[in-house]
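Here, each number is a calculation from the coordinates, and none is a lab measurement. Every value quoted in this text rests on a predicted model; they were computed, and no experiment measured them. Positions of Cβ are generated from backbone atoms using ideal geometry, with glycine treated the same way; all protein chains shown enter the neighbour counts.
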Amino acid sequence: MIYKKSISALLYLAFFGGSVFAQVDDHCGTTSYLARKKSEVPSLENRMNSIETQTQQWVQEHHGEKLRSFLYIPVVVHVVYKTAAQNISDAQIASEITVLNEDYSFNNPDRGWSPSVFWPILGVPQIQFCMAERDPNGNWTAGITRTQTNVDAFTNDDKVKFDSLGGINAWPADKYLNIWVCNLGNGYLGYSSFPGFPANIDGVVIKYTCFGRGVGALDPTYNKGRSCTHEIGHWMNLIHIWGDSNCGNDYVSDTPIQLQANYGCPTFPHVTNCSGNAPNGDLFMDFMDYTDDRCMNMFSAGQVDRMNASLVLTRSWISTSLSCVINSTANLEALSNEIQFYPNPSSCDYSITLPNYDGKDMIVDIYNLEGKKLREIKFSGIKNQKAQISLNDLESGIYFAKVSFGDILVIRKLILQK
Ligand SMILES: [Zn+2]
């Protein structure tokens, strides 16, 4: 049976009193980073305490609820490099997005490797990640920035997040998950902000040798993309599974209390000397432990509750994000601008450029200057970014094309010169 932790006010205060963060961390730079930020940013501790109170209340009321089918988080990856090796390829970046989508939907190939005693607490976050398709100015983007730096190695001090300090500024944190990939020193694989952090430092930072799977020069111990899975867990308010303290509390009710971080690849059961840990021992295959990439494969249901709370309470922008999945009218202006006719003027044939909005029907109505509809041309299930119309049976003159495409409706003036 899994030990159920009770979340007491006393432990809560101890946790947020900050003393447990005094320990030196390694592997993940988030714990010392959090402690430092709380001392640097005056309002941060109060803000996080308030978020924690709301989180615990939300989890109590919504435990185990299935909130949605899937939620899509637009990602921008900022590659900050000094050497060519650090300037990781688009393919390496894409491989990390694949890992995230597997791990956050429990479709990871190693998902069945957890001991069966832990199966009852398996959690499925139902979160997907996609490269941002629009930059902050509304222009098309691959969701990747590349910045050359003269910094040999960054650490968990946020310098990589600022143009002026050798890195690159965050894209708006209420529209994107910012991921910086760089050379991280001090043994860190990554570090992350928590909900409540200032927007200009919100996001995760990952060492370039731990980002992605199967592509690029990866650290053989951390070559399955799990550093990013772990750090995004922090970004959605998960704490290390040992609670950053001996037999500490991670504020998740279903994860066993465990003594400390696990490294390498322990053998089940890995029993540690905490009340309630035996007989099944640590949940060392949890993404929020420190085990090798090949040995971690799950979140717990309680962790998913906590992530869901963060998405509802502090990252609710994700449900209305415009930068990734094209499903909102507010994004239509930018999309509409994509629809152009060329050449214009033309002697009879026009090509039409379309936004990346595949699989939709498009109707082009042609009107004359008097507003009389002359043609209705229907294209079914457009599958590329181009279409063509011919007006070779009309006289020279000025016409209007009304284009209906998905949610888009635009009117363009066409000049026909025979
Ligand atoms: Zn961590």
Between rounded, prolate and oblate, where does the range 35-83 land on the alpha carbon gyration tensor, with a ≥ b ≥ c its root eigenvalues, rounded for a/c under 1.5, else prolate if a/b exceeds b/c? oblate
Given points 7 Å out from each Cα along the Cα-Cβ axis, report the E370 to D219 separation in nanometres with one decimal. 7.5
Quick check on the chain: take the gyration tensor over C-alpha atoms, sort the square-rooted eigenvalues as a ≥ b ≥ c, and tell me if it's rounded (a/c under 1.5), prolate or oblate. prolate
I'd like the chymotrypsin sites (Phe, Trp or Tyr not before Pro) in the range 168-275 restricted to DSSP loop residues with at most 12 other Cβ atoms within 10 Å, sorted by number. none
Helix 44-62: inclination vs the chain longest Cα principal axis, degrees, rounded to 10, gives 80
At 222 nm, what helix-only mean residue ellipticity would the chain give, in deg cm²/dmol to the nearest 500, using -39500 (n - 2.57) for each DSSP H run of four or more? -6000 deg cm²/dmol
What distance in nm lies between label points placed 7 Å from Cα along the C-beta direction at T98 and S116? 3.2
Using a 7 Å offset from the Cα along the Cα-to-Cβ direction at both L394 and K418, what is the distance between the two label points in nm, to one decimal? 1.3
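What's the extension gain from N246 to F106 if we count 0.36 nm per residue and subtract their Cα-Cα distance? Can you show the working numbers first?
Working: separation 140, 0.36 × 140 = 50.40 nm, distance 2.90 nm.
Length gained, N246 through F106: 47.5 nm.
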